[in-house]
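What follows is calculated from the coordinates using simple rules that are stated; it is not laboratory data. Bear in mind that the values here come from a model prediction, so they are computed numbers and not experimental data. Because the Cβ atoms are built from the backbone with ideal geometry, glycine has one as well, and the counts that use them run over all protein chains shown.
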Amino acid sequence: MVFLSRRHEPTIGVLNRYYGLKTDLSFKVRGIEVRQSSAPVFVKKLQLKLLDVLSSARTHKDFKKYSLKAKRIMKLYLADLQAGNIPLKDLLVTIRPSRGPDEYVSNTRQALASRQLAAAGVKVEAGVKLSYLILDAYASDPTKRVKVSQLLTGKERYDYQEYRKLCLRAYELQQIERYKFGLLALDALNPAGMLPGNLFLLQGNLSRKLLRLLITNLSVGLLSANEPAEVAFVDGANIFPYYEISTEARKRGYDPLVILDRIQLARAFNYHQVTEIITNRLPALLKAKPDLKIVLIPQISSQYLSDEALEYLEYAHLTLSEGSISELTHAVGLLKSLALEHNLIVIMTAASADNSQTKGLGGTYLSHSASTVIRMSSSTQNSVKEYDIHFTLQKDPARPVIQLTHSHRQKKPVNNQMLLNRYFK
């Protein structure tokens, strides 16, 4: 018997979502798609196929092996879905409207479907089944979001991204692969691991030397903790630490050339190049490198700074021009789309905004776009020889309100390498 976790709190199991194999080899399931009358036939077929594969496992080790087979099946189903090979009747969502067409206030999908049917002259009553196809889930014109089954011509195009989400929910029969930061303090704040398809933001005013050391340990830690994943490194801050990564890899017992070979580096010298990398080069790289799971972008805001701000040396004094803000939001929006489409983890770092203890450079859009935000800061105590390093979890889907802080105090170390060894490993 496998008890599944809450969708938004992956570390907590629930009793109303499970599946298991009886002694007569029939399934016992509850709370998953095959039991939901609203789920499209295509999604149910996918989940039944996954159940059939996973049912062959007899041990925990077997389960891991068959999970890889289930993952391959999932990719085949998604490929067919993206190619438009699925009959429309297998993608219909079936519902029972809770009220009449004129009683709905908002434009929910069942409200839109009910109104379409009523407009066609069909009497629609609460509690009576009706089915619809998702055309464009977030179309600005609500009437183009769904189409009721009775009005389908067979030539409609369905919303691939929305049906992909439904497939991914059905795929949650197994533990979705999560990734570790590879740094003790960061993994302590995010014990469930990083879920693919999301953006993670590390923000704080770190010195350039300390930032390079952070990126070094983050790069090596990600690659050593998440084999065989590869990292795409978008370097717009001229900060890629070749030497430090090689040194750190040797310390951890890894061949530096193997670690560096798993990092795909792209350098940019202005925000136009950053956007071009995200728009064109990154998608092409994802097709060529199936093991590329993580995109790391240090100081993402740095290429979008105004000319006046570049005169300052300290990140605390940097600001963004009005034009560059729109460019930055466009770039982050593209990253969100790529993360969702390719099941990526995107890790961004950013300096703190001027006079702000909570916002990163780039405004609230940057932190709002990220699923998880971790702030790094330091504070001097009574003696100038002592200070605290704080790692604060400001935002997380599983803990939407609580802020967790890992704080450490000691006498000021001689150099930044000692600091990083102390707090980041």
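Amide H to amide H, with H built 1.01 Å from N, ARG99 comes under 5 Å of GLY127, counting only residues 5 or more places away or on other chains. In order along segment 188-193, the Karplus-derived 3J(HN,Hα) couplings, from 6.51 cos²θ - 1.76 cosθ + 1.60 at θ = phi - 60°, round to 5, 6, 10, x, 6, x Hz, and Gly and Pro are given as x. Between the amide H of LEU292 and those of GLU230, distances stay under 5 Å, these residues lying 5 or more places away or on another chain, with hydrogens modeled in the peptide plane. Between LEU173 and any residue 5 or more places off or on another chain, the built amide H atoms are never under 5 Å apart. Packing here is the average count of other Cβ atoms within 10 Å per residue, and on that basis the peptides 189-199, 237-247, 83-93, highest first, run 189-199, 237-247, 83-93.
Label-to-label distance, GLN150 versus ALA79, with points set 7 angstrom from Cα along the beta-carbon direction: 4.0 nm.
Given the pairs LYS147/LYS287; LYS155/LYS289; LYS251/LYS293; LYS28/LYS65; LYS69/LYS180, which are separated by over 28 angstrom at their Cα positions? Going by Cα-Cα distance, LYS147/LYS287; LYS155/LYS289 fall outside the 28 Å limit.
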